[in-house]
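Any read-out appearing in this document is the output of simple, stated calculations on the displayed coordinates, not a laboratory observation. All values derive from a computational prediction rather than experimental measurement. For neighbour counting, all protein chains shown are included, and Cβ atoms are generated from backbone atoms with ideal geometry for every residue, glycine included.
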Amino acid sequence: MFGLDKKDTTLLLVVATLTILAPFLLNPFPTASGMAQFNAGYPDLMQRFVIFGIFAIGFNILFGLTGYLSFGHAAFLGVGSYAAVWMFKLFTYNVIPAIIMAVIIAGIFSLLIGFISLRRSGIYFSILTLAFAQMSFALAYSVLSNPKFNLTNGETGLQVYADDPQRFHHDGLPDLPHLFGLSMRSTYTMDVGAWSFDFNAGYYLCAAIMLGVFYLAVRIFRSPFGMMLRAVKSNQTRLNYTGLNTRPYTLAAFVISGMYAGLAGGLLAAMDPLAGAERMQWTASGEVVLMTILGGAGTLIGPILGAGFIKYFENIFSKINDNVLHQWFSFMPDGIENFMVFIVHPFVGKGWHLTLGILFMLVVIFLPGGLVDGGQRIGKWLRSRRGQKEDKTSGTTTPAE
Amino acid sequence: MDGFLLQILNGLDKGSAYALIALGLTLIFGTLGVVNFAHGALFMIGAFCAVTLQRFLSLSYTVEDPTQKDFLGNPLKVETPYVESWFGPEVGSTIIDWSVPLAILLAIPVMVFLGLVMERGLIKHFYKRPHADQILVTFGLAIVLQEIIKYYFGANPIQTPAPDALSGVANVGAIVGMELLYPVWRIVYFCFAVLIIFGVFAFLQFTTFGMVVRAGMADRETVGLLGINIDRRFAIMFGVAAAVAGLAGVMYGPINPPNYHMGMDFLVLSFVVVVVGGMGSLPGAVLAGFMLGILESFASTTWATTTIPGINQIIIYLVAIIVLLARPRGLMGRKGVMED
Amino acid sequence: MSKSEVTRRGVLKTGAVAGAGLAVPTIFTASSAAAYTNEPTGGTVTLGFNVPQTGPYADEGNDELLAQQLAVEHLNGEGDGGCLNTFTSKALKGNGILGKKVTFVTGDTQTKSDAARASAKSMIEKDGAIMINGGSSSGVAVAVQGLCQDAGVIFMAGLTHANDTTGKDRKANGFRHFFNAYMSGAALAPVLANEMGKDRRAYHLTADYNWGWTQEESIVASTEALGWETVNTVKTPLASTDFSSYIAPVLNSGADVLVLNHYGGNMVNSLTNAIQFGLLDKVVNGKDFKIVVPLYSELMAAGAGENIKGVLGSMNYNWQLQNEGSKQFVKSFGEKYGKPPSNSAQTCYAQTLLYADACERAGTFNPCGVVEALEGFEFDGLGNGKTLYRADDHQCFKDVLVVRGAQNPTNAYDTLEIVEITPVEQVSYAPNHPMFGGDEATLGSCNSGA
Amino acid sequence: MGILEVKDVGIRFGGLQALSNVNLSVAENTVHAIIGPNGAGKSTLLNCFVGKLIPDTGSVMFDGQSVLGRAPYEINQMGISRVFQTPEIFGDLTVLENMMIPCFAKRDGAFELNALPNMMKQKDIVERAEQVLEEMNMADKRHEHAAAMSRGDKRRLEIGMCLSQEPRLLLLDEPTAGMARADTNNTIDLLKEIRDRGNITIAIIEHDMHVVFSLAERITVLAQGTPLVEDTPENIKGHPKVREAYLGESA
């Protein structure tokens, strides 16, 4: 289907099903239960899952295929966000032109940076991209937000003000980003017994776009172009002596992944019309690197898993405070309850960084191929168990013959 | 003119910290081929060795003084450090006063030990893994180390003042017959950095151990074939690199009070320094450290910022870009190192 | 058997505490049956405390969180009741708010406007928080305030000092108890003139972002009005850790006062560097060199250690204030946590009580009702003395403290001493003051999310 | 006039004169071997043909056009393919994919505008790659991971990858170095087959005399960066200068 082989079609369908059903899957616990803390099915976080999924998918096209490790991709995300918010400010709250503009501007920006950075490879390339991104961040944070020429609005973040022109905005349209009148924030809440599920317009827009770009990524991975990029990673020497000028290919990959980042940035702004400079900082670039490696660089689904994993920690674990802990362990006798809270306390709430750091180490030590590798190992283990069982049954039948 | 000289001094001072961190980073990279994102954390832990020693020396017993009240109106608990009661107030307070230089003695074994444990326990298993994996695992380690420090010492900076005798300003211009006041401790820091750098170079240049390590850096396999246990030597070099970063941290405390994220603040910069100097080149790291320090200082003068607005924010990165485009392997990089 | 019984007890207990979950968060939904965003329908009401828990301001955030928890206790009638005893409004009875027990959720702003909005959204969308309180930077405050306006919940700002929060970025759903840069300037200037004379030459080092600029603008304006001359204003990158290259030029600039428009780690380092370079020992233009830090906090004072001795600055609140509300608050806070409260803790505590009180007086949690109850509200007994929540811009007007680093502190907590309590009249300004967005700045109208 | 004409080539590395006054002519559709002791400059010379090094003096002409100053990929597009001392293949890719890359390069290597819409098309490439694999007797290995194969198979694959582009000149850099005897013989047979198929020029650098004498039609002996003699294998075998410079040393 869609020009994909059977395995990829299945993967695409699985991803599609999961994203469509996400409001159910991410809210497995009844709203009033103590476990509700672990629910992630509220609009903002679901949006973040898919948006950062897009970001990581795009990053993986560059890093996973060519092996070029960019430490500056957050700059393209940030540029995309700024472009989108400027579209809101100048023209209309409709998200379509904003998203298109975000992708275009990020594409141009990544073409410029990629053209220069790709003159070098290895860690030199990484540092060049890092340098460009840090420069962009510094400029956005202060220099370009001075009162005379305010392009970014600095630390507060670029936002839409009532006195902005918004030329095509008129009464009757929501005063928030919308898709031809459908506000990105409109949410339908379905109560089923003790459960509650949110269906958010913005989330489904992001999910649809993510499925589209995921499909595109699968096609790129499977095309001769994708193969060529993998060849770059595998053996650049051979490629040079094979009559191929690798630079246009790597540059194309760089720009494509930059446009993915811009798309993610545009969507972030479309869900919440504010563009902060911090999303361009090197830590944000590092985050997408970690997402990709954590999930499994070079795999199709890995980056999405990695993105979900990190965003889940950031948003769920950081909110578990001592009060919540006491609730969890309240069934225990007081002494043990306090002890348990004492044990768990350093790892949640303000300690979520610690848990994340430990998990990075555990994953990379025990699962060299990231989470996807872990999944494959579990699959293999299950199959081998099943195999053993069959062996046993066959073993018991053999002597009878 | 004084302004110019002052900025040179400032640059040398900043450069000292950059150079020391980059030196360790390059040692680890050059010997082990490992990209160590936890190196900033080692610098930070060094600084916290000084904090720990200062806390330890200031351990106090408390006596309630009914004549004074605390903020709730209860009798004030007056704290007296044990060292003051054992050695008398004068000697005791002098010991506390000198806690930062004394912390060097604590930091060397602690950092070497930490470096060895890190290498044997974790990094060793990552030699053959892609650089991306090394980055992920050392970054994870950096976060963990940082959070542990934050858990015990808080997020707020902690003052670790220089000894009274070494604080204040000195007239460094006296030699050339002009007035040029500069903080004593910063001069100490610069001299200390130069000493360490020379120490490391001498160690590599003039000891058999160092010669083997240098040979191993150039061609690991051949040295391995000669029946030399190069791995153990490299592990020790990791310990040395950790100690260099740690010492840089200990002595940095009086310049700017340590906090748990100071390592991350330096990490990106020191990577830029290493790459500008040329991956794997020790003299390159030192040269680039001082060069970037001085450039950064000059970029922050009013003259520079009015000529090019925002130059002080981007100078380091701008220089990195220019150097890498003009000289593909950095200032003194070797061919073929880390190019793919 | 016994195991399942234990579990059941747990569920019951949990159910009682987390009853707020029954109030299904139906945020941003026009079609919702609720009259306003997150209308509490069960026996509890949920407040959202959004403070930095990671990053350089984690300790400040922790202090805010402690104060907020204390406020919740007092609202629910637990503990000693704290400032409910001294608050001039007697609407709060210690039985929660409008009879509903107060619960809270927490989030981590990371001192980044993006992350702060994400955690605020999560508290609104997922946990059904009806009010967001806290924060330790103006960027975060403005970003979260905008979000709360859109979402239809109330934002009670924590520590935010930039003029913009209640200036050009003011919002109908947002309220600031903390003072601002203009007030710092207005309060400091007379004291500076008094202590240092009217013919000083000032050199400004300013953190290169929005808050730094507004503070510099305010201080420059108020000191120049007194006759001071501004020699130079230099912007320093926020990411700077070593300020030596900015301090060195001060020596030969002919300035005799250094103003550090820095906050947090920036201020600790720049002050430490300035002392290192021996600035305070210098005599310039025949006068002793002085350093001013317009915005002080206890944590900064702790971080800067001995370097703050004799350095002047301003604060929103200090635990050494001797009014009844302050004494009561310090007692409650000190007995519970073993240390006196910081000024950001006090602001968050007061904001939580003020919100609760406004709900009681309005008789509803509806944000528009709360806004109406808070606008023009005059009160006392929360620690700052007589205070007015001005209707035009939702800024509190109260006395401002001018403080100085103590020469001989007796313990870790009295490192700052109060020099003067500048009366509120001296720090007031017109709502359409040019530094506050002029005539164009408007609150807009309150949004209840319905 | 040979297909590869080398005139007065010289190159210096610091104090070392690696090549000087190299004159060489490789005739079309022959096998020409370049031999010489270690450090004679064989690999340096080869690197000058493919664009990795640019000589300080002299010229290298391929089919009447200079190769100097061109990037390796451009030289490849002129019709020169290179086989490395250690097989350079794409270890992470399958055998079939390895074979597809040079076919792809042949089609879109120049990356002109038509390459963009072509990026997704691969039918013709797969067909061509399958065909070459068939010719190389490797069709049964097509889904194997290239890195997992034996040295001999890797070499066979690499040669196949070069041949798939139908080069006019094939450069071989010690193609049997480090190989077991059986693999060496297989490789020799393969190269003979290619030679006998005709319509290709082969230049080979080799240490192993067995390989050289079973393949080459002409041999150039290089010593200390200069050609010593050039002749047929039979004459080279008995040449006293060669014995002195080369065989004497290695014996």
Distance in Å, no decimals, from the C-alpha centre of the stretch C:309-327 to the one of the stretch C:94-122 is 27 Å
Expressed in angstrom, Rg and Dmax over the Cα atoms of the stretch B:19-79 are 21.8, 64
Tell me the label-point distance for the pair A:Arg383, C:Glu229, using the 7 Å Cα-to-Cβ offset, in nm and rounded to one decimal. 8.3 nm
Provide, for q = 0.04, 0.09 Å⁻¹, the log10 of I(q)/I(0) from a solvent-free Debye sum over equal Cα point scatterers in the protein assembly as shown. -0.29, -1.28
So what are the radius of gyration and Dmax for the Cα set of the stretch D:2-59, in Å? 11.4, 38
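Could you work out the mean count of beta carbons from other protein chains within 10 Å of each residue's beta carbon in C:50-58?
Average per residue, whole number: 5.
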Rounded to 5, the percent of DSSP beta bridges in chain A classed as antiparallel: 90 percent
Length-normalised contact order of the stretch C:244-295, Cα under 8 Å, at least 6 apart, in percent, tallies to 46 percent
Taking R0 as 56 Å and r as the Cβ-Cβ distance between C:Ala412 and A:Thr237, the FRET efficiency 1/(1 + (r/R0)^6), rounded to the nearest 0.05, comes to 0.30
Sort D:Asp196, C:Asp380 so the one with the fewest other Cβ atoms within 10 Å of its own Cβ comes first. D:Asp196, C:Asp380
Using modelled backbone amide H atoms (1.01 Å from N, in-plane), which distant-in-sequence or interchain residues come within less than 5 Å of D:Leu228's amide H? D:Val221, D:Leu222, D:Ala223
Check which residues have an amide H placed less than 5 Å from C:Gly42's amide H, if you skip close sequence neighbours. C:Ala23
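Among C:Tyr263, A:Tyr249, which comes first, then next, by fewest other beta-carbon atoms within 10 Å?
Ascending Cβ contact count within 10 Å gives the list A:Tyr249, C:Tyr263.
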Run the quick spin-label model on B:Lys124 and A:Ala162: label points 7 Å from Cα toward the beta carbon, then report their separation in nm to one decimal. 6.8 nm
Any cysteines in chain C with zero other Cys Cβ atoms under 4.7 Å from their Cβ? List them, or say none. C:Cys83, C:Cys148, C:Cys348, C:Cys359, C:Cys396
What FRET efficiency, computed as 1/(1 + (r/R0)^6) with R0 = 45 Å and r the Cβ-Cβ distance, is obtained for B:Asp219 and B:Met178, rounded to the nearest 0.05? 0.30
Take peptide A:31-42, look around each residue's Cβ out to 10 angstrom, count Cβ atoms belonging to other protein chains, and average those counts. 5
Report the calculated FRET efficiency for C:Lys90 and A:Asp322 (r = Cβ-Cβ distance, R0 = 35 Å), to the nearest 0.05. 0.65
When D:Ser66, D:Ser214 are ranked with the fewest other C-beta atoms within 10 Å first, the list becomes D:Ser66, D:Ser214
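Which value, in nm² and rounded to one decimal, describes the direction-averaged projected area of the C-alpha convex hull of chain B?
Quarter of the Cα hull surface area: 22.3 nm².
Taking 0.36 nm per residue of sequence separation and subtracting the Cα-Cα distance, how much length would be gained by fully extending the chain between D:Asp196 and D:Asp140, in nm to one decimal?
17.7 nm
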Over 21 Å between Cα atoms, which of A:Lys311/A:Lys350; A:Lys311/C:Lys121; B:Lys128/D:Lys141; D:Lys52/D:Lys237; A:Lys350/B:Lys124; A:Lys148/C:Lys168 qualify? B:Lys128/D:Lys141; D:Lys52/D:Lys237; A:Lys350/B:Lys124
Going through the DSSP H helices of chain A, which span 30 Å or more along their own axis at the Cα atoms while scoring at least 0.5 as a mean Kyte-Doolittle hydropathy? A:43-66, A:95-117, A:201-222, A:246-271
Cross-link partners of B:Lys77 among aspartates and glutamates (Cα-Cα below 13 Å; sequence separation of 8 or more within a chain): B:Glu64, B:Asp65
Post the alpha-carbon centroid distance, the stretch C:44-60 to the stretch A:73-105, in whole angstrom. 31 Å
What is the angle, in °, between the Cα long axis of helix D:123-135 and the longest principal axis of the Cα atoms in chain D? Nearest 10 is fine, range 0 to 90. 50 degrees
For chain C, what size does the Cα cloud have along each of its three principal axes, sorted from largest down, in whole Å? 81, 52, 39
Amide N of the stretch C:187-231 lying under 18 Å from the label point, which is placed 7 angstrom from the Cα of C:Ser428 along Cα→Cβ: C:187-188
Separation in nanometres of the label points that stand 7 Å from Cα toward Cβ, at A:Leu90 and D:Val126: 4.6 nm
Tell me which residues come under 5 Å, amide H to amide H, from B:Gly278 once H is placed; ignore anything under 5 positions away on its chain. B:Leu331, B:Met332
Which ³J(HN,Hα) values in Hz, rounded to whole numbers, follow from the phi angles of the stretch B:91-99 under the Karplus curve 6.51 cos²θ - 1.76 cosθ + 1.60, where θ = phi - 60° and Gly and Pro get x? 4, x, 6, 5, 4, 4, 4, 8, 5
Report the local net charge at D:Glu158: Lys and Arg +1, Asp and Glu -1, summed over other residues whose C-beta lies under 9 Å from its C-beta. +3
